[in-house]
Amino acid sequence: MSIHTVEVPEGNAVFGQTRSAFASFGYSAAVRAHGLLFIAGTIGRRADGTIPDTIEEQTELAILKIEEILRLENLDLSALVDVTSYHVDIRQHLSGFGEAKQRLVTASLPTWTIIGVSGLASPGLLVEIRATAAYPDAVS
């Protein structure tokens, strides 16, 4: 079995300072195995490490980070097949999350599971999104 770890390059504009979390917490941004790309939980922290106040901006940043990981593997959001999002205060933030999600994820809609949680890794985080993407078939 061939496994490939996807690394976000140093100086990546989308991840910025937040790239250090991979080494600090000992995990990969994504791993490719069996024709699938497994993307680690992604949060809506700005490149400078600050956390936006709104669910809309946090959702947008998390999806943009997923999109960047996909780009590093020559994929785009249409490659997503399964997504799980974890939400603090889900009833309060679901509408804003849905608006940002619908604006950014438009083609080839993946399956999506939404889970309410009591908290995430840092105070102020409202959403974390993990995803699985599929590489195009070698034979059409």
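The values are calculated or read from the model by the stated rules, or taken from the named source; none is laboratory data. The shown structure was predicted, so the numbers you read here are calculated from the model rather than taken from an experiment. Counting neighbours? That spans all protein chains shown, and the Cβs are built from the backbone with ideal geometry, glycine included. All accessible areas refer to the heavy atoms of the entire protein, side chains included, with ligands and DNA or RNA removed. Shrake-Rupley method; radii C 1.70, N 1.55, O 1.52, S 1.80 Å.
Couple of notes before you dig in:
- Summarising the strand pairing of the chain, around 75 percent of its internal DSSP beta bridges are antiparallel.
- Semi-axes of the equivalent ellipsoid for the range 26-103, computed as √(5λ) from the eigenvalues of its C-alpha gyration tensor and ordered from largest down, come to 23, 14, 12 Å.
- The alpha-carbon atoms of the chain define a convex hull whose volume equals 113 cubic angstrom per residue.
- Of the trypsin sites (Lys or Arg not before Pro) found in the range 1-46, those that fall in a DSSP loop while having at most 15 other beta-carbon atoms within 10 Å are R46.
- For the range 17-116: accessible area per residue (Å², 1.4 Å): 52 Å²
- Helix 55-72 and the longest principal axis of the C-alpha atoms of the chain enclose an angle of approximately 10°.
- Accessible carbon and sulfur surface of the chain relative to its total accessible area, %, 1.4 Å: 51 percent
- When E128, E7 are compared by accessible area of protein heavy atoms, the largest-first order is E7, E128, using a 1.4 Å probe.
- The GNM of the chain, with springs linking C-alpha atoms under 10 angstrom apart, assigns the highest mean-square fluctuation among A79, A47, A107 to A107.
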